Amino acid sequence: MKILFFITLFISSLFGVSVDMSSSTISNGRTILVEFDREKDTKYEYIQIDKKKYEVFPHPIDKKRVYALLPVSYYQKPSDKKVEVHYREQGAEKSKSIFVRIEDGKYKKETIKVQKSKVNLSKKDKKRAAKEYKEALDIYNTVTKKSYISSKFIMPLESKITSDFGKARVYNDTLKGYHSGTDFRAAVGTPLKACNDGVIVLAKDRFYAGGSVIIDHGHGIYTCYYHMSKFDVKEGQHVKKGELIGLSGDTGRVTGPHLHFSARVGGVQVDPLQLITLINKNLLKK
């Protein structure tokens, strides 16, 4: 059984470095790509890390291969993790294991001042935020068997990054978690593009994220666009890469107008730019 492992580590210039998984490490909050050659009498079923299982999918552009994306949670502590590949060979169940080292991403901390009402929530706002959070998790935990991706990802806009993924966030002197995406500078009314083909699964105003659009790209991959001022899409609509989805804004919990761009893989929040670099340079390299 031939297995090709790739881990692309995100660096400031956004170029990735592919290394052999058996002797490499990856930081929390980032994603691992595993590819397999299709082989006669072999069916790859899933990959397991701890108790979490990740499905193996047909390669989006290469019929001779299959692949899986393995997200590493931001909250994952430094450790050695066993990655188990489960498959059937001539009808018999088998598995192979390999270890990967999870390292601390050493993310920085930033302090943000926002309206007190966005930090110290009323009962009504807490109820609304909890409902919206559950709605979003139900979306992220839904894995569409079809992939809509057939070409490389693009950025939702061309602009300066003002806040990177993973920074610990202190709102009004109170630690409230971490920055779950990448912020781009964007004046109110800046056009935003779908970064790849997919289906709009959410387009609504939310308490924290403000005007929000979520695109399902298939195979458990989602991209999210927050704080928007206007939607040009609706739920259930199919969109093409580069298609206008709406305009940036300053809605929700913000200090000023910008685009918050984030991504989920298999229900797990991951660094969106590292994910895109990983997919573009390895999975869609043709």
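The values are calculated or read from the model by the stated rules, or taken from the named source; none is laboratory data. Because the structure is predicted, anything quoted here is derived from the model rather than measured. Cβ: placed from backbone, ideal geometry, glycine included. Neighbour counts: every protein chain shown.
Out of Leu4, Leu70, Leu33, which single residue is modelled with pLDDT under 90, surrounded by 14 or more Cβ atoms within 10 Å (Cβ to Cβ) and assigned to a strand (DSSP E or B)?
The unique qualifying residue is Leu4.
If you go through region 39-54 one residue at a time, do you hit one that is part of a loop (DSSP other than H, G, I, E, B), assigned by TED's automatic domain parsing to the domain that holds Ile98, under 21 Å from Thr142 (Cβ atoms) and modelled with pLDDT of 50 or more?
yes
If we only count strands (runs of 3 or more DSSP E) wholly inside region 188-234, which ones have 2 or more residues that are charged (D, E, K, R)?
Passing ranges, in order: 198-206.
Of the residues in region 256-285, how many are crowded, with 20+ Cβ neighbours inside 10 Å and closer than 15 Å to Ser229 by Cβ?
Of the residues in that region, 3 qualify.
Within region 100-114, how many residues are at pLDDT 85 or above, on the phi < 0 side of the Ramachandran plot and of a type outside the set (Ser, Thr, Tyr)?
Of the residues in region 100-114, 6 are at pLDDT 85 or above, on the phi < 0 side of the Ramachandran plot and of a type outside the set (Ser, Thr, Tyr).
Scanning for something at negative phi, modelled with pLDDT under 95 and surrounded by 19 or more Cβ atoms within 10 Å (Cβ to Cβ), does region 245-255 turn up at least one residue?
Within region 245-255, one or more residues are at negative phi, modelled with pLDDT under 95 and surrounded by 19 or more Cβ atoms within 10 Å (Cβ to Cβ).
What's the number of the only condition in (1) loosely packed, with under 14 Cβ neighbours inside 10 Å; (2) in contact with a Gly (Cβ under 7 Å, 6 or more places away or on another chain) that Lys160 fails to meet?
Condition (2) is where Lys160 drops out.
Taking only region 115-132 into account, find how many residues are at pLDDT 75 or above and in contact with a strand residue (DSSP E or B) (Cβ under 7 Å, 6 or more places away or on another chain). Steps first, please.
Of region 115-132, the ones at pLDDT 75 or above are 121-132.
Checking which are in contact with a strand residue (DSSP E or B) (Cβ under 7 Å, 6 or more places away or on another chain) leaves us with 132.
The qualifying residues number 1.
Determine whether Pro78 is within 22 Å of Asn282 (Cβ to Cβ) and either surrounded by fewer than 16 Cβ atoms within 10 Å (Cβ to Cβ) or free of Cβ contacts under 8 Å to residues at least 60 places away in the same chain (or both). Don't jump to the end; show me each part of the working.
Values: within 22 Å of Asn282 (Cβ to Cβ): no; either surrounded by fewer than 16 Cβ atoms within 10 Å (Cβ to Cβ) or free of Cβ contacts under 8 Å to residues at least 60 places away in the same chain (or both): yes.
The answer is no for Pro78.
Quick check on region 206-214. Is at least one of its residues farther than 22 Å from Ala130 by Cβ, crowded, with 23+ Cβ neighbours inside 10 Å and either small (Gly, Ala, Ser) or at pLDDT below 95 (or both)?
No, region 206-214 contains no residue that is farther than 22 Å from Ala130 by Cβ, crowded, with 23+ Cβ neighbours inside 10 Å and either small (Gly, Ala, Ser) or at pLDDT below 95 (or both).
State which residue is farthest from the chain's Cα centre (by Cα) when the search covers only region 254-286 and only residues that are small (Gly, Ala, Ser) and assigned to a strand (DSSP E or B).
Taking region 254-286 and keeping what is small (Gly, Ala, Ser), we get 256, 262-263, 266-267.
Pick out the ones that are also assigned to a strand (DSSP E or B) and you get 262-263.
On the way: Ser262: 6, Ala263: 3 Å.
The residue in question is Ser262.
List every residue pair whose Cβ atoms sit under 8 Å apart, with the two residues 6 or more apart in sequence or on different chains, where the first one lies in region 119-139 and is in a loop (DSSP other than H, G, I, E, B) and the second, anywhere, is aromatic (Phe, Trp, Tyr).
Close Cβ pairs satisfying both conditions: Val119/Tyr171.
Can you go through Lys53, Lys63 and tell me which one is closer than 26 Å to Gly181 by Cβ and charged (D, E, K, R)? Even if it seems obvious, please write down each step before you answer.
On the way: Lys63 fails: closer than 26 Å to Gly181 by Cβ.
Just a single option satisfies the conditions, and that option is Lys53.
For Lys234, work out the one condition from (1) crowded, with 19+ Cβ neighbours inside 10 Å; (2) without any contact (Cβ under 8 Å) to a residue 60 or more places away in the chain it doesn't fulfil.
It is condition (1) that Lys234 fails.
Does Lys241 meet the test of being part of a strand (DSSP E or B), surrounded by fewer than 20 Cβ atoms within 10 Å (Cβ to Cβ), charged (D, E, K, R) and not assigned by TED's automatic domain parsing to the domain that holds Tyr46?
Numbers: part of a strand (DSSP E or B): no; surrounded by fewer than 20 Cβ atoms within 10 Å (Cβ to Cβ): yes; charged (D, E, K, R): yes; not assigned by TED's automatic domain parsing to the domain that holds Tyr46: yes.
Considered against the rule, which asks whether it is part of a strand (DSSP E or B), surrounded by fewer than 20 Cβ atoms within 10 Å (Cβ to Cβ), charged (D, E, K, R) and not assigned by TED's automatic domain parsing to the domain that holds Tyr46, Lys241 comes out as no.
Please go through region 40-67 and pick out each residue that is acidic (Asp, Glu) and exposed (fewer than 14 other Cβ atoms within 10 Å of the Cβ). Break it down into steps so the answer makes sense when it comes.
Going residue by residue through region 40-67, those that are acidic (Asp, Glu) are 41, 45, 50, 55, 62.
Asp41, Asp50 - these are the residues of region 40-67 that are acidic (Asp, Glu) and exposed (fewer than 14 other Cβ atoms within 10 Å of the Cβ).
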